1. Size of the stretch 26-65 along its principal axes in angstrom, Cα-based, largest extent first?
2. Given a Förster distance of 22 Å, report the FRET efficiency between R132 and R46 from their Cβ-Cβ distance, rounded to the nearest 0.05.
3. Can you tell me the orientation of helix 21-31 relative to the chain, as the angle in degrees between its alpha-carbon axis and the longest Cα principal axis, to the nearest 10?
4. For the stretch 1-77, what are Rg and Dmax over the alpha carbons, in angstrom?
5. Grab the beta carbon distance between R113 and M1, set R0 = 25 Å, and tell me the FRET efficiency rounded to 0.05.
6. Looking at the chain as a GNM with Cα springs under 10 Å, which of T130, T78, T99 has the largest mean-square fluctuation?
7. State log₁₀ I(q)/I(0) for the stretch 49-150 at q = 0.13, 0.20, 0.24 Å⁻¹ as given by the Debye formula over alpha-carbon point scatterers of equal weight, solvent excluded.
8. Any idea how far apart A30 and F88 come out in nm if each label point goes 7 Å out from Cα toward Cβ?
Amino acid sequence: MLEIDPQLKQDVQLEPVRVTAEDIKAFAEALGDLNPLYLDAQAARRAGYPDVIAPPMFCIQMRGGRMLPEVPLPSGLTSLHAGQELDFYDEIVAGQTYTITARVAEVYEKTGRSGPMDIIVREAAITDATGRTVVTIRERQIVRSPDKKI
């Protein structure tokens, strides 16, 4: 089974992320999702928000679009993203600063149809300025020899 540095299993706090209306607008437009709550501060305020809110998947962009913390793989191994789960507790709002705390939650071995593989599970929590969790992200990464078909 893949050996993971024990420090990667400890919480790592990433740089705080200040979310702007411009960031949200660019993301929403790239998705083609022109929901007024993402683009129009007045529409968002009428709906009870202090400013525009972000589309749900904006949280992935907030942490740089990468699975963090990064896990160095030994030479000769390859990997791929194996899915994610997101739990939303509140909206991400423009003008707010958020903190992201990430860690490797689990590493386990599994045997699939094409043979053995290791699964790295990462968890990240996005919290607002009050420390309240807004989103949790749980991601899986499959690691195996490139000789095996994935």
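Just so it is clear, none of the values below were taken in a lab; they were calculated from the coordinates. Note that this is a predicted model, so its numbers are computed, not measured. In this analysis, Cβ positions are derived from the backbone assuming ideal geometry, glycine residues included, and neighbour counts consider all displayed protein chains.
1. So the three principal-axis extents are 31, 19, 12 Å.
2. Working from the Cβ atoms, E equals 0.35.
3. Between helix and principal axis, roughly 60 degrees.
4. When restricted to the Cα atoms of the stretch 1-77, Rg and Dmax are 17.7, 55 Å.
5. The calculated FRET efficiency here is 0.85.
6. T130
7. The Cα Debye sum returns log10 ratios of -0.54, -0.97, -1.25.
8. Result: 1.8 nm between the two label points.
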